[in-house]
Amino acid sequence: MKNYRNLEENSFDFNDKINYIYGDNAQGKTNLIESIWMLTGARSFRGTKDNNIVSFEAETAKIDGKLFFEQRDQSISIFFANGRRRVFLNDIPRTYPTEIIGKFRAVLFTPSHLALVKDGPESRRKFIDAALCQLTPTYPQLMVKYNQTLKHRNILLKNSQMQNIKSGLFEVWNYKLAELGSKIIKKRLEYLSRLEREALINYCEISSGKESLKISYISSIFKGDPSTKSEAEIEKEFLHYLNCEQKRDEKRGFTSKGPHKDDLEIFLQGKSLKQFGSQGQQRSAVLALKLAEATVMNQLTGESPVVLLDDVMSELDETRKNYMIESLENWQTFITGCEKNLVSSFENLKFFHIANGSLVE
Ligand SMILES: Nc1ncnc2c1ncn2[C@@H]1O[C@H](COP(=O)(O)OP(=O)(O)OP(=O)(O)O)[C@@H](O)[C@H]1O
Ligand SMILES: [Mg+2]
């Protein structure tokens, strides 16, 4: 890599098991994790624009990853210049940066995820959508199209107060939105049923109990459990809603329901974890979910995602920390922290010290 934020020109040879990167604050730990995350083709998890990625002292930046996926050694390179990125897969330039999504996969875990249960719905939607983008090649495009259609419908809704818009025009957008939206909901439901199974196993192990964990998809469109519905049924109900609610949406000036408003709710022993769970139960549930995300990715693709844990270890107590390390033993993992030591009794570990953007093994 070169000129990636404060990281100097550097090449690293990482362990295929656990890599622990330690160093003081503001030395470049999160930058390193972010650069690895970028190789998945996603945007920065810090919500930064691509031109902020380039070092203050340079015009361009690059990341080169020698990776193993699809059963062979491959490479992904990303160049950042003029606020844009260009991607290369095995040295061949790709037209769209999104073309590398779903090649190299990673699961990211940062302290902000620890509040996943308590946070607003947006972060939970992001949690499933980010995983689905890596898992389903058509999902990123589906999201883009849905959001574009939603935007069009919202513009139309806003303008309808001032101009007389033909109802036929709405019909077209309602139909399109329902078609795309139902696909999104169905994909989310399929993913969640797998995630729930794995999260339950993890949760029981972390809490060394037998509490039942359930994840429900809270649809803004219909009441009750949507998991048994077919895509066609979802589409029909969504379309019905859009048509019936149109006059009210016109007054609101936006589309009030749809997958962009949906949420997840986690239940422990039938009780809402958000409303009744203790801090510790909520943390354990997030750990269980994050590890489940990695397991499901492995099940569905036959490959192990790389696990990126930025700064979360220091936030966890000894029991959860150990559970985490033991669970990650067989995955390539990057862990960052400020302390020199991670856990005492662990062998398959490579240590790196980071200071002022340079990394030493
Ligand atoms: N485009 C950039 N060019 C140069 N330096 C940058 C750029 N963007 C961010 N930085 C700097 O990189 C430094 C390291 O940031 P980073 O978030 O990686 O630290 P960290 O090691 O994770 O620290 P902490 O332990 O506090 O989380 C910061 O001082 C920040 O100002
Ligand atoms: Mg950091």
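Each value in this text was obtained by applying a stated rule to the coordinates, not by laboratory testing. All figures in this text were calculated on a predicted structure; none of them were measured in a lab. So basically every Cβ, Gly included, is an ideal-geometry build from the backbone, and we count neighbours across all protein chains shown.
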For the chain, the longest principal axis of the Cα atoms and the Cα long axis of helix 139-160 enclose an angle in degrees, to the nearest 10, of 40
Residue-normalised 222 nm signal for the chain, counting each DSSP H run of n ≥ 4 as -39,500 (n - 2.57), nearest 500 deg cm²/dmol, is -13500 deg cm²/dmol
Taking 124-135, 158-169 and ranking on average Cβ neighbours within 10 Å, highest first, one gets 124-135, 158-169
Check: C-alpha center the range 259-313 vs C-alpha center the range 151-170, spacing in Å is 39
Treating every alpha carbon of the range 1-75 as one equal point scatterer without solvent, the Debye formula yields log10 I(q)/I(0) values at q = 0.16, 0.17, 0.19 Å⁻¹ of -0.64, -0.72, -0.89
Expressed in angstrom and rounded, the centroid-to-centroid distance over alpha carbons for the range 71-132 and the range 218-242 is 29
Taking Cα pairs closer than 8 Å and at least 6 residues apart, the relative contact order of the chain in percent is 28
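Any idea what diffusion coefficient the chain gets from Stokes-Einstein, in µm²/s, Kirkwood Rh on alpha carbon pairs, 37 °C, 0.692 mPa s?
148
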Nearest 10, in degrees from 0 to 90: the angle of helix 29-38 to the longest Cα principal axis of the chain is 50
Along principal axes, largest first, the alpha-carbon spread of the range 122-229 in whole Å comes out as 62, 30, 23
Taking Cα atoms, the helix 231-244 axis meets the longest principal axis of the chain at an angle in degrees (rounded to 10) of 60
Among G47, P305, M324, the residue whose Cα sits farthest towards the positive end of the charge dipole of the chain (+1 at Cβ of Lys and Arg, -1 at Cβ of Asp and Glu, taken about the Cα centre) is G47
Reduced to Cα centres, the span from the range 181-216 to the range 1-66 in Å works out to 32
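What whole-number value in cubic angstrom gives the convex hull volume per residue for the C-alpha atoms of the range 113-302? Please list the in-between numbers first.
Numbers: hull volume 21.9 nm³, N = 190.
Looking at the range 113-302, the number lands at 115 Å³ per residue.
Using the Kirkwood formula over every pair of different C-alpha atoms, what hydrodynamic radius in Å results for the range 190-246? Don't skip to the answer; put the middle values down first.
Numbers: mean 1/r = 0.0744 Å⁻¹.
For the range 190-246, the Kirkwood estimate is 13.4 Å.
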Among K183/K261; K290/K321; K210/K271; K186/K236; K103/K145, the pairs whose Cα-Cα distance exceeds 18 Å are K103/K145
